[in-house]
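Please read the structure below before turning to the comments.
The values are calculated or read from the model by the stated rules, or taken from the named source; none is laboratory data. Please read all numbers here as calculations on a predicted model, not as lab measurements. Here the Cβ positions follow ideal geometry from the backbone for every residue, glycine too, while neighbour counts run over all protein chains shown.
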Amino acid sequence: MAKWRLSSILIALSVFTISASAQIVFFADFEDNSSAAVPGPEVNELSAWVPDNGGQVWELADHPGTGSQGLFNSQEGCGTSGNTPLPGVTNFSDGVMQMLLATGDDDSWGFVFRHSGDDTGYLVMFGTVETPAIIFARLDDGCGGQQCADQSGCENGGAELLQIDHGLGAITMDNTQVLVGRVEAIGSSIKVWYVDIANVADPMGDLGAPTLEITDTTHASGGVSVWHESQGVSFIDDVIVTGAGGFDATAVDAQGKATTYWASVKTAAR
Ligand SMILES: [Ca+2]
Ligand SMILES: [Ca+2]
């Protein structure tokens, strides 16, 4: 099983290299001197990933699931929960957000997106063991934030808008099982996929039918963050954001904007 997973990931990495063209506006693989990173290797620097919660501590570490370097969340506890904005992704409207998730704990990863204030934006929560589900919720309803989902009352019939069983069965809590978490947001349409990478031929391709689908018109645009609730000793890797065309289109190119962003950051840092 481990060999099959590694080969899947090697295929994935080669696909990234081939297709990391116009429609991908952000790609962090956390490798040193990465040529695949979009808009550039700056997105892989630990200093670019600044948690909103001072109690959360990221590290770059060897990922037992992907066999490469990943972003490791070293602290556990509900009090360490919160967002880390994707560096430079400040005005996402339509497209795909995807990351590879693994867990050494029983809690949850997530994407917060179209995030325009502390209490405005969407949350897609990728639960693992304690909450074996995908949750769609709004920050506007008190969800997400620097607390666990049971504390915010946003799971199991609370203020969340939709909760669907993740259908993954028992998830291994040693960071060796790599899951693909994908959110597609096009206008009011939100679709979520959550699959084991060992079961898909191409992690950037067709993942089959989405597990969760919902329509909501509350938020049109804003930043994207990786969120977690108490997801200590756990990894993310290969964080991707695309333009409106997702992985398939050829026309959308917001890369120029991101490049301009990085140029301004570098200028400001001088
Ligand atoms: Ca990596
Ligand atoms: Ca939990």
message = Any residue that is among the polar types (S, T, N, Q), at pLDDT 95 or above, within 15 Å of ligand 1 (Cβ to nearest atom) and over 29 Å from Ser188 (Cα atoms) - is there at least one of those in the stretch 50-67?
response = no
key: Criterion violated by Val50 - all others in (1) of a type in the set (A, V, I, L, M, F, W, C); (2) out of contact with any helix residue (DSSP H, G or I) (no Cβ under 9 Å at 6 or more places or on another chain); (3) surrounded by 17 or more Cβ atoms within 10 Å (Cβ to Cβ); (4) outside any strand (DSSP E or B) satisfied   = (3)
note = Across (1) of a type outside the set (Val, Ile, Thr); (2) part of a loop (DSSP other than H, G, I, E, B); (3) in contact with a Phe, Trp or Tyr (Cβ under 9 Å, 6 or more places away or on another chain); (4) surrounded by 18 or more Cβ atoms within 10 Å (Cβ to Cβ), Pro64 clears everything bar (4)
request  = Would you mention how many residues in the stretch 138-160 are under 15 Å from Phe111 (Cβ atoms), over 17 Å from the mean Cα position of the chain (by Cα) and away from ligand 2 (no atom under 16 Å from the Cβ)?
outcome  = 0
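Report yes if Pro85 is without any contact (Cβ under 8 Å) to a residue 40 or more places away in the chain and in contact with a strand residue (DSSP E or B) (Cβ under 7 Å, 6 or more places away or on another chain), otherwise no. Please lay out each step first, then the result.
Details: without any contact (Cβ under 8 Å) to a residue 40 or more places away in the chain: no; in contact with a strand residue (DSSP E or B) (Cβ under 7 Å, 6 or more places away or on another chain): yes.
When the stated conditions are applied, Pro85 does not pass them.
Say whether the condition of being among the hydroxyl-bearing types (Ser, Thr, Tyr) and within 15 Å of ligand 2 (Cβ to nearest atom) is met by at least one residue in the stretch 168-175.
Keep residues of the stretch 168-175 that are among the hydroxyl-bearing types (Ser, Thr, Tyr), which gives 172.
Subsequent filtering for residues that are within 15 Å of ligand 2 (Cβ to nearest atom) retains none.
No, the stretch 168-175 contains no residue that is among the hydroxyl-bearing types (Ser, Thr, Tyr) and within 15 Å of ligand 2 (Cβ to nearest atom).
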task = Consider Asp106 carefully, then state whether it is farther than 25 Å from Asn44 by Cβ, at pLDDT below 95 and not hydroxyl-bearing (Ser, Thr, Tyr).
result = no
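Would you mind stating whether Ala133 is under 19 Å from the mean Cα position of the chain (by Cα), away from ligand 2 (no atom under 11 Å from the Cβ) and among the small types (Gly, Ala, Ser)? Reasoning before the result, please.
Details: under 19 Å from the mean Cα position of the chain (by Cα): yes; away from ligand 2 (no atom under 11 Å from the Cβ): no; among the small types (Gly, Ala, Ser): yes.
The answer is no for Ala133.
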